[in-house]
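Below: one structure in structure tokens.
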Amino acid sequence: MTRLDLDFVRAQFPAFAEPSLQGQAFFENAGGSYTCTQVIGRLTRFYHSRKVQPYAPYEASQLGGAEMDEARSRLAALMGVEADQVSFGPSTSQNTYVLAQAFRQWLPQGSAIVVTNQDHEANTGVWRRLADAGVEVREWRIDPDTGHLDPADLSPLLADGKVRLVAFPHCSNVVGEINPVAEICAMARAAGAYTCVDGVSYAPHGFPDIPALGTDIYLFSAYKTYGPHQGIMVIRPEVGFALPNQAHGFNGDTLFKRFTPAGPDHAQVAACAGMADYVDALHAHHFPGQTATPLARNNAVHDLMRSHERALTQPLLDYLAARNDLRLIGPRTSAGRAPTVAVALDRPAHPVAAALAAHGIMAGGGNFYAQRPLEALGLSGEQGVLRLSFVHYTAQAEIDQLIAALDRVL
């Protein structure tokens, strides 16, 4: 199997050549990744020569609009969907909020929805507020010892046929376990419910193959997938057009505009094409001469990323599991989890993260807007957890640096 060329990968990220970051290992990628050079180049070019209102008849405007269209169409192709199914917004939290308002208007009287207590607050809080409009909110709960979200526990919540939406994460930003999205979506579909998957904590480890997942709605954040600060939403037309338009009335016939009440950030949308440039660059480097569809290229790159991440994650999990002064949250094997590793300590986590910084480790301590899963696990949201998160551009030497720093600090 082709192995990830880490030197090539890291050469795509200016942060690794930045003098002020030398000697520091970045382990807060779940909060936002480094930005690849392709995105930076596109953003710079847009601000330099195309920062005008797009889609007007003059050249600079035409070029700017074309770059925005390119971002949408190329990201859509990588994920296996049509271009109009991809929409941009200021953040995933904002996109989910707007989506929830549409469901508030659409849900028939007597309807129910299912949410989890494994989610980041963005994909659970706004849905729970639908209770104020008379919607029954049912909670799909995690195992209080492991954080596991068992599909068997979803079945009784769907049994009476009243559920119209199941909102759940591809993986939690503290538990890290990768949920069986395709299985869950099939269960919901059979019960007559739509699905909304929060992919914010998974997409940094490989863009999703939407047809394979079978979800109706998938959300993730470009600033965690090597791009600018935008939220990206993929929505099936049958769902998008069934829901009430949340944008200007004259935009109601355009799927990718229906859930963007304000105008998009033109420059950042255009720069998102750089994320597709990056995936294509990785594919061309690792599979020279191979012709493949955008989705096939994406899936091949996804597998490269995940293979590298799994190899780095397992030694860290083994090290943490062997310690008796912390609680490792989530699975202890790397195959079924993302490299987002949270540990509960016998003290507040934020000062520990600060102590690690003195050893060149950039990590975070807190609740990471995941109060509900932490409370379900019997942990204090105020004390928080130490979160050590990385992606495919992380090197083995940085894992070694992290473990050495943990030995000193803990």
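Starting from the range 319-410, pick out the chymotrypsin sites (Phe, Trp or Tyr not before Pro) whose DSSP state is loop and whose Cβ has at most 11 other Cβ atoms within 10 Å.
Sites meeting the loop and neighbour criteria: none at all.
How much of the DSSP beta bridge set in the range 43-275 is antiparallel, as a percent to the nearest 5? Walk me through the numbers before you get to the answer.
Values: 10 of 26 bridges.
Rounded to the nearest five, the antiparallel share is 40 percent.
Which order, highest average first, do 201-209, 326-334 follow once you tally other Cβ atoms within 10 Å for each residue and take the mean per peptide? Don't skip to the end; give the middle numbers.
Values: 201-209: 24.2, 326-334: 18.7.
Top of the packing list down: 201-209, 326-334.
Then there's this: 7 Å from Cα along Cα→Cβ at both Asp69 and Ala242: what's the point-to-point distance in nm?
Placing both labels 7 Å beyond Cα along the Cβ direction yields 3.1 nm.
Sticking with this one: Starting from a Cα-only point model with no solvent, please compute log10 I(q)/I(0) by Debye for the range 43-275 at q = 0.18 1/Å.
-1.35
Set the Förster distance to 30 Å, then compute FRET efficiency between Ser49 and Ala17 from the Cβ-Cβ distance, nearest 0.05.
Efficiency computed from Cβ-Cβ geometry: 0.75.
Which trypsin sites (Lys or Arg not before Pro) in the range 250-307 sit in a loop by DSSP (not H, G, I, E or B) and have at most 15 other Cβ atoms within 10 Å of their own Cβ?
When the trypsin sites (Lys or Arg not before Pro) of the range 250-307 are filtered for loop state and at most 15 Cβ neighbours within 10 Å, nothing remains.
Averaged per residue, what accessible area in Å² does the chain show with a 1.4 Å probe, protein chains only?
Counting only protein heavy atoms, the per-residue value for the chain is 39 Å².
Taking the Cα-to-Cβ direction at Ser155 and at Asn324 and moving 7 Å from each Cα, how far apart do the two end points lie in nm?
Between Ser155 and Asn324, the label points sit 4.1 nm apart.
What's log10 of I(q)/I(0) for the range 298-340 at q = 0.23, 0.29 Å⁻¹, Debye sum over Cα points only, no solvent?
Here log10 of I(q) over I(0) equals -0.74, -1.00.
Are there GluC sites (Glu not before Pro) in the range 16-79 that DSSP marks as loop and that have at most 12 other Cβ atoms within 10 Å, and which are they?
In loop regions of the range 16-79 (DSSP not H, G, I, E or B), there are no sparsely surrounded GluC sites (Glu not before Pro).
For the range 3-114, rounded, prolate or oblate, judged on the Cα gyration tensor with a ≥ b ≥ c (square roots of eigenvalues), a/c < 1.5 rounded, else prolate if a/b > b/c?
Since a/c reaches 1.5 but b/c is at least a/b, the shape of the range 3-114 is classed as oblate.
Continuing with the same structure: Computing the accessible area with a 1.4 Å probe over protein heavy atoms, can you report the carbon and sulfur percentage for the range 37-143?
That fraction is 49 percent.
Kindly state, to the nearest 0.05, the FRET efficiency for Arg189 paired with Ala262, given R0 = 25 Å and r defined as their beta-carbon distance.
So, using R0 = 25 Å, E works out to roughly 0.20.
A further question on this structure: Counting only C-alpha contacts under 8 Å and six or more residues apart, can you give the relative contact order of the range 43-275 as a whole percent? Please report the intermediate quantities before stating the final value.
Values: 451 pairs, mean separation 62.0, N = 233.
Here the relative contact order equals 27 percent.
Extent of the chain along each principal axis, from alpha carbon coordinates, in Å, largest to smallest?
60, 54, 38 Å, listed from the longest principal axis down.
Sorted by mean Cβ packing within 10 Å, highest first, what order do the peptides 29-37, 351-359 take?
29-37, 351-359
At 222 nm, what helix-only mean residue ellipticity would the chain give, in deg cm²/dmol to the nearest 500, using -39500 (n - 2.57) for each DSSP H run of four or more?
It comes out at -11500 deg cm²/dmol, rounded to the nearest 500.
Roughly how many nanometres apart are two label points built 7 Å out from the Cα toward the Cβ at Phe8 and Asp407?
In this crude spin-label approximation the distance works out to 3.4 nm.
Which whole-number percent is the relative contact order of the chain (Cα, under 8 Å, 6+ apart)?
Taking the mean separation of contacting Cα pairs over the length of the chain, I get 24 percent.
When a/c is below 1.5 the answer is rounded, else prolate if a/b is larger than b/c, else oblate, so apply that to the range 274-410 with a ≥ b ≥ c taken from the square roots of the Cα gyration tensor eigenvalues.
The shape class here is prolate.
Using Cα pairs under 8 angstrom and six or more residues apart, how large is the relative contact order of the range 1-84, in percent?
15 percent
For the chain, give the share of DSSP beta bridges that are antiparallel, in percent and rounded to the nearest 5; count only bridges with both residues there.
50 percent
The values are calculated or read from the model by the stated rules, or taken from the named source; none is laboratory data. Worth saying up front: this structure is predicted, and the values here are computed from it rather than measured. Heads up, the Cβs are rebuilt from the backbone with ideal geometry, glycines too, and the neighbour counts pull from every protein chain shown. Ligands, DNA and RNA are stripped out before the accessible areas are found, and what is left, the full protein with its side chains, is counted by its heavy atoms. Shrake-Rupley method; radii C 1.70, N 1.55, O 1.52, S 1.80 Å.
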